[in-house]
Amino acid sequence: MASRPEALIARFALQPHPEGGWYRELHRSVGQVCRSDDGKQRAGLTVIAFLLTEGQCSRWHRVEGGDEVWHHAGGDPLDLWRLPPQGGTAERLLLGPLATAATGDPDPSPLQVVPAGWWQAARSRGRWSLLHCCVGPGFAFEDFRLMADLPPAERPAGADPALL
């Protein structure tokens, strides 16, 4: 695998993502499902390649109506935060290859799940982290919300403002 972020961006034809980082949709199910929360039709599953490079973050955001599963695909481990929809205490999860546990941290997991409607943010612990993110029912930008777009008084408590 390429070891420079620029090479990964070119190899996978990645584009800038509104939350930060780089992405490209890899799969969108042809089959449609009806979301149970609002009855909207969505693809059964979507998958993207997602790259965060050193200094970038996936800013606080949420996906309504679909769980998001993050899979570590290469590079350095990643910190993934998740926060309940109403706020509270943000949980930091370590995502990465099992063989790279950092001193003082629990072993990373190669897979983490963010439930539908929960806030999430991420940051690479090194030069770059390549992920595959799966959303089911499938992702649609109309279901995507950036926390920074909310008035400050409506932002949930517990979100690290450095990740806005």
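The values are calculated or read from the model by the stated rules, or taken from the named source; none is laboratory data. The model shown is predicted, which means the values in this text are computed figures rather than measured ones. All Cβ positions, even for glycine, are placed from backbone atoms using ideal geometry, and neighbour counts span all protein chains on display.
Looking across Asp67, Asp143, one residue alone is buried (at least 19 other Cβ atoms within 10 Å of the Cβ) and more than 29 Å from Ala10 (Cβ to Cβ). It is Asp143. Would region 79-95 turn up any residue that is small (Gly, Ala, Ser) and closer than 21 Å to Glu54 by Cα? Within region 79-95, none of the residues are small (Gly, Ala, Ser) and closer than 21 Å to Glu54 by Cα. Residue check: Arg35 meets all listed conditions (1) surrounded by fewer than 16 Cβ atoms within 10 Å (Cβ to Cβ); (2) modelled with pLDDT under 95; (3) closer than 22 Å to Pro137 by Cβ but one, namely (1).
Exactly one residue among Leu51, Leu93, Leu78, Leu14 is without any contact (Cβ under 8 Å) to a residue 40 or more places away in the chain, of a type in the set (A, V, I, L, M), closer than 19 Å to Gln120 by Cα and surrounded by 12 or more Cβ atoms within 10 Å (Cβ to Cβ), and that residue is Leu93.
Tallying residues that are within 26 Å of Pro137 (Cβ to Cβ) and either assigned to a loop (DSSP other than H, G, I, E, B) or aliphatic (A, V, I, L, M) (or both) within region 86-95 yields 6.
State yes or no: is Ser109 small (Gly, Ala, Ser) and within 13 Å of the chain's Cα centre (by Cα)? It is false that Ser109 is small (Gly, Ala, Ser) and within 13 Å of the chain's Cα centre (by Cα). For region 134-144, the count of residues that are in contact with a Phe, Trp or Tyr (Cβ under 9 Å, 6 or more places away or on another chain), at pLDDT 95 or above and of a type in the set (A, V, I, L, M) is zero.
Elements of the type strands (runs of 3 or more DSSP E) sitting completely within region 21-85 and holding at least 2 residues that are over 18 Å from Phe144 (Cβ atoms) and among the hydroxyl-bearing types (Ser, Thr, Tyr): there are none. Filtered by the rule that a residue be more than 14 Å from the chain's Cα centre (by Cα) and of a type in the set (Asp, Glu), region 25-81 gives Asp37, Asp38, Glu54, Asp76.
Inspect region 155-163 for any residue being in contact (Cβ under 8 Å) with a residue 60 or more places away in the chain, touching a Cys at 6+ places or on another chain (Cβ under 7 Å) and either over 24 Å from Leu8 (Cα atoms) or among the hydrophobic types (A, V, I, L, M, F, W, C) (or both) and give the result as yes or no. Scanning region 155-163, I find at least one residue that is in contact (Cβ under 8 Å) with a residue 60 or more places away in the chain, touching a Cys at 6+ places or on another chain (Cβ under 7 Å) and either over 24 Å from Leu8 (Cα atoms) or among the hydrophobic types (A, V, I, L, M, F, W, C) (or both), so the answer is yes. Entry remark, region 30-76: residues being basic (Lys, Arg) and touching a Leu at 6+ places or on another chain (Cβ under 7 Å) number 1 in total.
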